[in-house]
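The values are calculated or read from the model by the stated rules, or taken from the named source; none is laboratory data. None of the values given here were measured: they were computed from a predicted structure. Because the Cβ atoms are built from the backbone with ideal geometry, glycine has one as well, and the counts that use them run over all protein chains shown. What goes into the accessible areas is simple: the full protein's heavy atoms, side chains included, and nothing from ligands, DNA or RNA. Shrake-Rupley method; radii C 1.70, N 1.55, O 1.52, S 1.80 Å.
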Amino acid sequence: MSTLGAALRLLPRLDRRTCDLGDLVDAARLLVAAGRPGLRLVLDEDDPRHPALVVEEEERSRRTDLGDLAGGIVGSQLDLGPAGLAAALDRWLDERPVTDAEAARRGIAVLGWAGPAGDELAWQVAVQRRTGLMAWTPHPFTAVLDVLSVQEAARARAADVVVRCTAEGPVLLLDADQPHLATAALSAPEQVLARAAALGLRLSDGSVVITPGRPVAWAGQAVAQRLAGETVEPCAVLRWRELSNLPWS
């Protein structure tokens, strides 16, 4: 084999899969025909080149060009047969906007990135769906008192989330089956301090290293700063007493 041939073997293979738009439209027709409780599903085929799928739930709606969705499916690991396309549409449904009622009923307070540049830490209300957590954004017409009520209920509910606490030397690690939920425990930091004390760690003067979507590290200030300096991902280091002062997104 030539040197060039050997080198070409080392290059990543191109993904030449394509998602047939007609097949995806057929899958969308089946989805609309079957329906989903509480949802209104509409397949808009007025423009054959850009068929769109619309989901409406209470005050929220989402419209997606199926051509754009087809491109995303190609980049996923899903099969491109009927079962895979049905699964892709189910995932799309799971990613629909969170309604005010759903947020009030089962929202959980977690920490995430917010702000214009996406680099400010803030509390957010999120709900668990099969594909992961979906953040809630208050509707423009939602009353301020209703927003506050949803946020407080989410904070109270977060204290009941199962979060694992393990001691790694001088560091307390908080983790959960769904990594982003690890920050839910920080809604009640005094409870975390009590669990740390039971593990032999005294962290009342400590700081928290937060990288949303990753385990949370709680340690003394010097250790926390060192941990933050070693990570390649964006993170924030806060005194634990500052957690309650973070804004809501």
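Structure notes:
- Residue satisfying condition, being assigned to a loop (DSSP other than H, G, I, E, B), modelled with pLDDT under 95 and either within 22 Å of VAL216 (Cβ to Cβ) or open to solvent by less than 40 Å² (accessible area, probe 1.4 Å) (or both), within set ASP79, ASP160: ASP160
- Which listed residue, of ALA217, ALA167, is of a type in the set (A, V, I, L, M), farther than 15 Å from ARG239 by Cβ and either in contact with a helix residue (DSSP H, G or I) (Cβ under 8 Å, 6 or more places away or on another chain) or open to solvent by less than 60 Å² (accessible area, probe 1.4 Å) (or both): ALA167
- Options VAL216, VAL208, VAL232; residue that is of a type in the set (Val, Ile, Thr) and at pLDDT below 95: VAL232
- Some residue of the stretch 186-196 being more than 23 Å from PRO247 (Cα to Cα), in contact with a Pro (Cβ under 8 Å, 6 or more places away or on another chain), at pLDDT 95 or above and not in a loop (DSSP other than H, G, I, E, B): no
- Check on ALA101, modelled with pLDDT of 95 or more, part of a helix (DSSP H, G or I) and small (Gly, Ala, Ser): yes
- Counted residues, the stretch 104-140 - those being in contact with a Lys or Arg (Cβ under 6 Å, 6 or more places away or on another chain) and assigned to a strand (DSSP E or B): 3
- Restricting LEU14, LEU31 to residues that are at pLDDT 95 or above and either aliphatic (A, V, I, L, M) or part of a loop (DSSP other than H, G, I, E, B) (or both) narrows the list to LEU31.
- The listed residue being surrounded by fewer than 18 Cβ atoms within 10 Å (Cβ to Cβ), of a type outside the set (Asp, Glu), more than 17 Å from the chain's Cα centre (by Cα) and not in a loop (DSSP other than H, G, I, E, B), out of SER204, SER244: SER244
- Residue match in the stretch 179-195 (condition: within 25 Å of GLY118 (Cα to Cα) and open to solvent by 30 Å² or more (accessible area, probe 1.4 Å)): yes
- Failed item, numbered, when THR142 is tested on (1) modelled with pLDDT under 95; (2) open to solvent by less than 20 Å² (accessible area, probe 1.4 Å): (2)
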